[in-house]
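Student: Before anything else, here's the structure in question.
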């Protein structure tokens, strides 16, 4: 049900990346769907969240989400307004008992925390968000609030990997050449994990403070939901992080 990062293993933090197992949803949402946008029974989603919260050691009502739009806006959870749009949420211990989360089904989820466990962030970085550098925007938002980027640790969760992420030239040309795989006679493939990792480093997060968790969402249908593999109308996974006892 949950994958965790060794770098985020702190007695002061709760965190996790869900997969698609261990829930009650049926059909195309089977089984641990945490998304509400594509028609799953609300009661099933509620029960799935209850199970994840129990496994993750937080209360479901503590979870904060934002309407994701594949951009670069990073919201402080305590400043969220109804209908807010963005692709990252962050919080400080002073904000109280808040868990920030993002939903994914191929896009790259990134969890951040500082080494003092006084600040956390959850980021949704699809290819558009990666081009817009939502990761860098989130690190900058934390830095503006006094969090030194060199004190951050990061976990990159389950997402589509380069072997499965075939794109058109109009997408490939928006990425640095080192993050595009090209072979004769084939369409290009983009390495979103490498691109996000490079953005974390460019923002000031040390290379050895970045951990990769989980595998390719597209190539493992028994374990993960994947928009690229199955299209719209499927389940979504949750990446979450919070400060225990805040």
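Student: When region 6-27 is examined, which residues are found to be more than 25 Å from residue 97 (Cβ to Cβ) and either in a loop (DSSP other than H, G, I, E, B) or in contact with a helix residue (DSSP H, G or I) (Cβ under 9 Å, 6 or more places away or on another chain) (or both)?
Tutor: Hits for region 6-27 are 19, 20, 21, 24, 25, 26.
Student: Let me ask something additional. Could you count how many residues in region 206-245 are under 24 Å from residue 49 (Cβ atoms), in contact with a strand residue (DSSP E or B) (Cβ under 8 Å, 6 or more places away or on another chain) and either surrounded by fewer than 20 Cβ atoms within 10 Å (Cβ to Cβ) or free of Cβ contacts under 8 Å to residues at least 60 places away in the same chain (or both)?
Tutor: Residues in region 206-245 being under 24 Å from residue 49 (Cβ atoms), in contact with a strand residue (DSSP E or B) (Cβ under 8 Å, 6 or more places away or on another chain) and either surrounded by fewer than 20 Cβ atoms within 10 Å (Cβ to Cβ) or free of Cβ contacts under 8 Å to residues at least 60 places away in the same chain (or both): 1 in total.
Student: Would you mind stating whether residue 194 is in contact (Cβ under 8 Å) with a residue 24 or more places away in the chain, over 21 Å from residue 16 (Cβ atoms) and outside any loop (DSSP other than H, G, I, E, B)?
Tutor: The answer is yes for residue 194.
Student: Scan region 194-214 for residues that are closer than 25 Å to residue 231 by Cβ and touching a helix residue (DSSP H, G or I) at 6+ places or on another chain (Cβ under 9 Å) and report the count.
Tutor: Of the residues in that region, 2 qualify.
Student: So, in region 32-45, of the ones that are in contact (Cβ under 8 Å) with a residue 12 or more places away in the chain and under 20 Å from the mean Cα position of the chain (by Cα), which residue ends up surrounded by the most Cβ atoms within 10 Å (Cβ to Cβ)?
Tutor: 33
Student: Quick one: in region 134-144, of everything that is under 15 Å from residue 92 (Cα atoms) and touching a residue at least 60 places away in the same chain (Cβ under 8 Å), which residue is nearest to the chain's Cα centre (by Cα)?
Tutor: Checking each candidate, the answer is 138.
Student: Now for a separate question. Please go through region 8-63 and give me each residue that is at pLDDT below 95 and touching a strand residue (DSSP E or B) at 6+ places or on another chain (Cβ under 7 Å), ordered by number.
Tutor: Correct list: empty.
Student: Here's another thing I want to ask about it. Being crowded, with 18+ Cβ neighbours inside 10 Å, without any contact (Cβ under 8 Å) to a residue 40 or more places away in the chain and touching a helix residue (DSSP H, G or I) at 6+ places or on another chain (Cβ under 6 Å) narrows it down to one of 89, 65, so name that one.
Tutor: Testing whether each residue is crowded, with 18+ Cβ neighbours inside 10 Å, without any contact (Cβ under 8 Å) to a residue 40 or more places away in the chain and touching a helix residue (DSSP H, G or I) at 6+ places or on another chain (Cβ under 6 Å) leaves just 89.
Student: May I pose another question? Going through region 220-246 one residue at a time, which ones are assigned to a loop (DSSP other than H, G, I, E, B) and under 23 Å from residue 62 (Cβ atoms)?
Tutor: Listed by number, the residues that qualify are 235, 236, 244, 245, 246.
The values are calculated or read from the model by the stated rules, or taken from the named source; none is laboratory data. These numbers were taken from a predicted model, which means no experiment stands behind them. All Cβ positions, glycine included, derive from the backbone under ideal geometry; neighbour counts span all protein chains shown.
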